[in-house]
Each structure stands twice: as C-alpha cells, then as structure tokens.
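K.L.:
First the structure, which I've put down as structure tokens, then a few questions once you've had a look.
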Amino acid sequence: MRSADDIEADRRARLIQLVEASDWFLPALRAVRSLGLDQWCIGAGALRNLVWDALSGNAQRSALGDIDVAFFAADDVSSARDQALQHRLCALMPGWPWEVTNQAGVHLWFEQHFGHPVAPLASLADAVATWPEYATAVAVTLEQDDTISIIAPYGLSDLFTMTVRHNPARASVATYRERVAQKKYRDRWPGVTIIDAEC
C-alpha cells in the first residue's frame, strides 16, 4: 500500500507537469518572474482550473475570472504599486485577466471588503494558507533556474480529489457559501465534491 507521502509526491510531480505543459501558465510565470519580486506566486483559481480541467478531460480551457498574482513586500503596501505591476503584466501578456495583490497589505482593506478585521500576514506562505478553500490554497512560483516550487500548506489532496472545502483561516462561513454559490463548480466540473462549511 502506498504511503500518504508517496501520493503527495506524485501529486506534486503531476502539478508541475501540468504547469509546464500549459500553453499559458508557464509563460505567465515567466512574465511575473520578470518583475523582479522577491516573494511571489500564481495560485488560487487559475491553478485550480488548470488541474480540474485536466482531471475532467476538458478539451477547452475553462474561462479564467482572473490570474491571481500574490507577492509579499512589506516596504510598500500601496495600491498604486499593485496597479503598476498589474499594468506591466498586461503589457507583457495583453488580454489576460491579471490581478496583482501585495499580501503584506491585505489587512489594511480586508475588513472593509469582508466585514471583519484580520492581523497582518508574515510571509507569502502565510498568505496562501489563508485562501478560502483548501483546494485553492495552493500556488506555484518559477525559480531563477526555471524549476517550479509549490506552496501548499495543506497539501494537494483537495485539489487533486476535486474537493471544495472551507478553509476557516480567514474566510467566514458566509463568504465561503457565497463563493460556492457564485462559482458554480459542478456546472464546470461535474466530478467536484462540495462540503458545506460548519458554523
């Protein structure tokens, strides 16, 4: 019987393979790397779509709501910096739905947007660990030697079993349920399992 560590290693290898084989994900990683940020990644829905389309055998790529680029830079948490980086990416890869967010500044606007205050984050990995579902609390970055590193604080099980499960680190139950209703996961990937959040 294969160990959990072996299964996780296989999933990590498969994720890297899917990223490298994609006609857009690897170019997107190269574009973000060219910005020269110290801590950065692409993750969440863009990565989920890539994996779930492959697991579902979808011939056509699912529509992307956005390409979430997260970075961590405590020296400048202004929205102007995020916008400037986003404009640079739009110039490098026009027509793609870039969304750039400095995770070091999320606590400054989170309460106004989601209704409750949160503490500042300490790193990019800490930020990924707060994303709303375990399946989307996963990200990748492209190192200078072109190897792909994975940030997956909860592992890759939910991503590869197509399970939507609430991550309570920051997202409220109401926010999670609203996302499930809006995303229409089963319409896009019939094999998805959705687990309701516990109040």
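K.L.:
If R81 passes every condition in (1) farther than 19 Å from D38 by Cβ; (2) in contact with a strand residue (DSSP E or B) (Cβ under 7 Å, 6 or more places away or on another chain) but one, which one does it miss?
P.N.:
Tallying (1) farther than 19 Å from D38 by Cβ; (2) in contact with a strand residue (DSSP E or B) (Cβ under 7 Å, 6 or more places away or on another chain), R81 fails exactly one: (1).
K.L.:
Scan region 136-155 and give yes if some residue there is assigned to a helix (DSSP H, G or I), open to solvent by 30 Å² or more (accessible area, probe 1.4 Å) and farther than 21 Å from L35 by Cβ, otherwise no.
P.N.:
Among the residues of region 136-155, not one is assigned to a helix (DSSP H, G or I), open to solvent by 30 Å² or more (accessible area, probe 1.4 Å) and farther than 21 Å from L35 by Cβ, which makes the answer no.
K.L.:
Among residues belonging to region 31-45 that are open to solvent by 10 Å² or more (accessible area, probe 1.4 Å) and within 15 Å of the chain's Cα centre (by Cα), point out the one that is farthest from T161 (Cα to Cα).
P.N.:
Q39
K.L.:
Still on this structure: Just to be sure before I move on: is A4 more than 17 Å from T141 (Cβ to Cβ) and either out of contact with any strand residue (DSSP E or B) (no Cβ under 7 Å at 6 or more places or on another chain) or among the small types (G, A, S) (or both) in the structure I sent?
P.N.:
Yes, satisfied.
K.L.:
Only residues that are surrounded by fewer than 15 Cβ atoms within 10 Å (Cβ to Cβ) and part of a helix (DSSP H, G or I): list them for region 13-30, please.
P.N.:
Across region 13-30, the qualifying residues are A13, Q17, E20, A21, P27, R30.
K.L.:
Separate question: If I filter region 156-183 down to residues being open to solvent by less than 20 Å² (accessible area, probe 1.4 Å) and outside any loop (DSSP other than H, G, I, E, B), which single residue comes out as farthest from L50 (Cα to Cα)?
P.N.:
Y176
K.L.:
Could you figure out which of (1) exposed (fewer than 15 other Cβ atoms within 10 Å of the Cβ); (2) among the charged types (D, E, K, R); (3) over 24 Å from P120 (Cβ atoms) isn't true of R48?
P.N.:
The number of the failed condition is (1).
K.L.:
Among the residues of region 77-100, write down those that are open to solvent by less than 30 Å² (accessible area, probe 1.4 Å) and β-branched (V, I, T).
P.N.:
V100
Per-residue answers, yes or no, for (1) out of contact with any helix residue (DSSP H, G or I) (no Cβ under 9 Å at 6 or more places or on another chain); (2) without any contact (Cβ under 8 Å) to a residue 24 or more places away in the chain; (3) more than 29 Å from A13 (Cβ to Cβ):
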position	(1), (2), (3)
V138	no, no, no
T147	no, yes, no
R170	no, no, yes
Y176	yes, no, yes
K184	yes, yes, yes
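K.L.:
Find the residue count for region 102-117, including only residues that are among the polar types (S, T, N, Q) and crowded, with 18+ Cβ neighbours inside 10 Å.
P.N.:
Selection size over region 102-117: 2.
K.L.:
Something else: So which pairs qualify, if the first residue must be in region 60-81 and without any contact (Cβ under 8 Å) to a residue 60 or more places away in the chain, the second must be surrounded by fewer than 12 Cβ atoms within 10 Å (Cβ to Cβ) and of a type outside the set (G, A, S), the Cβ gap must be under 7 Å, and the two must be at least 6 apart or on different chains?
P.N.:
A73/D38
K.L.:
Restricting attention to region 60-76, which residues are farther than 17 Å from F25 by Cβ and open to solvent by 60 Å² or more (accessible area, probe 1.4 Å)?
P.N.:
If the condition is that a residue be farther than 17 Å from F25 by Cβ and open to solvent by 60 Å² or more (accessible area, probe 1.4 Å), then A74, D75 are the ones that fit.
The values are calculated or read from the model by the stated rules, or taken from the named source; none is laboratory data. Values in this document were obtained by computation on a predicted structure and should not be read as measured data. As a convention, Cβ positions derive from the backbone with ideal geometry for all residues, glycine included, and neighbour counts pool all protein chains shown. Note: accessible area is taken over every heavy atom of the protein model, side chains too, but ligands, DNA and RNA are not part of it. Shrake-Rupley method; radii C 1.70, N 1.55, O 1.52, S 1.80 Å.
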